[in-house]
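Notes to accompany the following structure.
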Amino acid sequence: HFKGFDKDEIHNFYRDNDAVMEEKRMRAAEEADQEAEWAMHEAEMLRRMDEAEKLRQQRIAEDNRNYGNTLHQQREEFRIRNAKTEVAGIGTN
């Protein structure tokens, strides 16, 4: 099917074709490796973001507990202060 070409030219065509095909296979393998590496990187980033979000939620919950405890303590101190002032007769009509 390669009429008009001598044997060496035909072998060169096949060698060139084989080289092109090998280069394509190598590029495809490199691309697959890069895709796998990117997928691992992306999965790691998502894991870190999820972990950071969990820590943020924990801090918010802790801040809310602390705020609630502080508010409760302030109310109790206010109640005690009012009880003392009533006992001392201050602020009564």
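Each Lys or Arg adds one and each Asp or Glu takes one away; over the other residues whose Cβ falls under 13 Å from the Cβ of residue 53, this sums to +3. Matching the structure-derived Cα Rg over 2.2 N^0.38 Å against the labelled list (1) 1.47; (2) 1.11; (3) 3.17 gives the label (3). Distance between the 7 Å Cα→Cβ label points at residue 42 and residue 18: 3.8 nm. Taking 29, 61, 83 as the candidate residues, the one with maximal mean-square fluctuation in a Gaussian network model of the chain, Cα springs under 10 Å, is 83.
Summed over the residues of region 1-45 and divided among them, the accessible surface reaches 96 Å² per residue at a probe radius of 1.4 Å. For a straight C-alpha distance cut-off of 25 angstrom, no lysines are reachable from residue 54 once same-chain residues fewer than eight places away are disregarded. Summing charges over neighbours of residue 16, with a neighbour being any other residue whose Cβ is under 12 Å away from its Cβ, gives -3 when K and R count +1 and D and E count -1.
The values are calculated or read from the model by the stated rules, or taken from the named source; none is laboratory data. Because the structure is a prediction, the values reported are computed rather than measured. FYI the Cβ positions are ideal-geometry reconstructions off the backbone, even for glycines, and counts take in every protein chain you see. Just the protein is used for accessible areas: all its heavy atoms, side chains included, with ligands, DNA and RNA removed. Shrake-Rupley method; radii C 1.70, N 1.55, O 1.52, S 1.80 Å.
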